Amino acid sequence: MRKQKLRRSGVKIMASLILLLGSLAYVMVLAVINGSLGFLCAMGVTVFGAVGVAKALGEEIALSYGWIIGLAIGCGVLRGLLRYLEQYSNHFIAFKLLATLRDKIFGALRKLCPAKLESKQKGSIIAMITSDIETLEVFYAHTISPICIAILVSTAVFLFVGFIANWYLALIAILAYLIIGVIRPIISSKKLKESGVKYRREFASFNAYFLDSIKGIKDIVLNNAGKEREQEVNQRSDVLLTETKKMKHNITHSISSTELFVSLAILLTLSIGITFVYYDMLTIGKMIIGVVTVFGSFGPVIAISNLPGNLTQTFASGDRVLSLLAEEPVVREIHNGIDIEYEKLKVTDLSFSYDHQIDVLNDIHMHATKGEIIGIIGESGCGKSTFLKLLLRFWQKDSGTIAYNDIDIDRMNSENLLANVTMVSQATYLFDETIEDNLRIANANATIEELEQACRLASVHDFIMSLPKGYQTQVGALGDHLSAGEKQRIGLARAFLTGAELILLDEPTSNVDSINEGMILKSLKEQKNKKSIILVSHRESTMAIADRIYKVEQGKMLEVKEC
């Protein structure tokens, strides 16, 4: 199996995440200072205890026993306060940045939408917004600060042991710090990286598949596909469990080996200290102070040594988030372009292919003016829906011209384009709010009368009024309380509410019965004097209202009917 690799190195990911701190850097510095002083205070409790023992053994100590006890107690109290300030600072930064990252992700998704997102699994995106972002909290709250604290504390211990006790003991300590806090994590990270990336990949895949299964539960039941779906869910769950076990096993092995190295370092320090005392190279009092100081100093480097287990998850999550933030949109919004009031549309020599590889449309010519209903027919997958999306600039055309009022679409302001052109797709998404709130997505300032008129035109007003709460009825999560036809008609009502002069309809009657289809088509025909309507449909009955019809076949669009 080909190894799943990160797009960036761990160092680049960490550097990029640190750069996101911005103005919060000063809080991180405060957290590091508090953490370093706090750990030194924690060590101070045992070190001053060792100083007291050394004094009792005859070592010349300037401090009285009262001062030694007082300083030990003071260190304990300060440790609690400084620890609180450190944790508060770290989590303040973490949660502030998590909010900022989510905002950046939604901003990136908005720029990428809808072209790039059509190829992405929504479950994977949800996993990124939730679990990946939460994983990064570990980095900001429990990674940056511990690394800095370990460096500062290790340096302080090295100098203290060297000056107060013995430089050989200090040298042993610094070598142990390097092995436990630098060399061992590097070795562990190489082993843990692959399992961490595989786990994140399988987790995102399982999340997407499971969400898709929940959304499609009705169709699964109706098609008696429950057992097959269950088997696939179980299989994916087993794969995820296997990767989890591998990752946990590697993390456990890493932690146990760290504890082994710490134990060996402590034994070596104690052995060297006893040896120096035996050969009168060191007094027993200074040996006790030095050895106790080294014994109590491994906390920060142990924290670093255990980081690879978390960092593999952080790197995988950070890489995914940074990749999304860095991803270039297929189409960029235009803000300094031209505004128009729609009168006519003319498409000339239009060609389009996905990723410049799969040809969809080639040398397309068509035109429409206000007061016309244009029909587009063709086999499924021939590019009809893609053509409508090109008219909205959801995709970037390869060549040719899409001109509104003789102004090419690439020169028009994006907001102005969407104010003049709207589309009703085959699948209308409804938010888990009231019907009125869902309608106001199209026009937040619409009056109740305007809402009702739009719904009448879409042949859905009577249905809404038959509901116990009318327009205040809650749609339900994913619109599950409404049928596909009812959702489609609400989508059509939205189109009428926007006030757009050109309405693009992609199979607007595919989910309604013949009676409602007739009412919708009657409404569309009544609207044609005020607007342009481009209608994509497979139904011949729907095409009966079209003034002209184009047929898409093998990437070409030819006019087949003219009234």
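The values are calculated or read from the model by the stated rules, or taken from the named source; none is laboratory data. Note that this is a predicted model, so its numbers are computed, not measured. Please note: Cβ atoms are built from the backbone with ideal geometry, for glycine as well, and neighbour counts cover all protein chains shown. Note: accessible area is taken over every heavy atom of the protein model, side chains too, but ligands, DNA and RNA are not part of it. Shrake-Rupley method; radii C 1.70, N 1.55, O 1.52, S 1.80 Å.
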Notebook entry, point to check: Looking at this structure, is ALA444 under 15 Å from TYR471 (Cα atoms) and open to solvent by less than 80 Å² (accessible area, probe 1.4 Å)?
Noted result: yes
Next item on the list: Run down ASN362, ASN336 and say which single residue is in contact with a strand residue (DSSP E or B) (Cβ under 7 Å, 6 or more places away or on another chain) and open to solvent by 20 Å² or more (accessible area, probe 1.4 Å).
Entry: ASN362
Note to self: Being within 30 Å of GLY35 (Cα to Cα) and either more than 35 Å from the chain's Cα centre (by Cα) or at pLDDT 90 or above (or both) is the requirement here; does SER297 meet it?
What the structure shows: yes
Next item on the list: Quick one: which residue in LEU388, LEU417, LEU430, LEU361 is closer than 25 Å to SER510 by Cα, of a type outside the set (D, E, K, R) and assigned to a helix (DSSP H, G or I)?
Entry: LEU388
Next item on the list: Within the stretch 342-372, count every residue that is over 39 Å from the mean Cα position of the chain (by Cα) and farther than 16 Å from ASP408 by Cα.
Entry: 3
Notebook entry, point to check: Of all residues in the stretch 368-391, how many are over 16 Å from VAL552 (Cβ atoms) and open to solvent by 10 Å² or more (accessible area, probe 1.4 Å)?
Noted result: 4
Next item on the list: Please indicate, with yes or no, whether at least one residue in the stretch 45-65 is among the basic types (Lys, Arg) and within 44 Å of the chain's Cα centre (by Cα).
Entry: no
Margin query: Which residue is nearest to ILE373 (Cα to Cα), if the candidates are limited to the stretch 473-493 and must be open to solvent by less than 40 Å² (accessible area, probe 1.4 Å) and touching a Lys or Arg at 6+ places or on another chain (Cβ under 9 Å)?
Written below: ALA493
Margin query: Out of everything in the stretch 205-254 that is open to solvent by less than 70 Å² (accessible area, probe 1.4 Å) and β-branched (Val, Ile, Thr), what residue ends up being nearest to the chain's Cα centre (by Cα)?
Written below: THR244
Check: List the pairs whose first member sits in the stretch 452-472 and is touching a residue at least 12 places away in the same chain (Cβ under 8 Å) and open to solvent by 40 Å² or more (accessible area, probe 1.4 Å), whose second member is among the acidic types (Asp, Glu) and part of a helix (DSSP H, G or I), and whose Cβ atoms are under 7 Å apart, counting only residues at least 6 apart or on separate chains?
Finding: PHE463/GLU486; GLN472/GLU436
Next item on the list: Kindly indicate the residue of the stretch 289-307 that is open to solvent by less than 40 Å² (accessible area, probe 1.4 Å) and part of a loop (DSSP other than H, G, I, E, B) and also nearest to LEU57 (Cα to Cα) among those meeting that condition.
Entry: GLY296
Next item on the list: Those residues that are in contact (Cβ under 8 Å) with a residue 60 or more places away in the chain, open to solvent by 20 Å² or more (accessible area, probe 1.4 Å) and under 14 Å from VAL460 (Cα atoms), I need them from the stretch 494-510; list them, please.
Entry: ARG494
Check: Among the residues of the stretch 52-63, is there at least one that is open to solvent by 50 Å² or more (accessible area, probe 1.4 Å), part of a helix (DSSP H, G or I) and small (Gly, Ala, Ser)?
Finding: yes
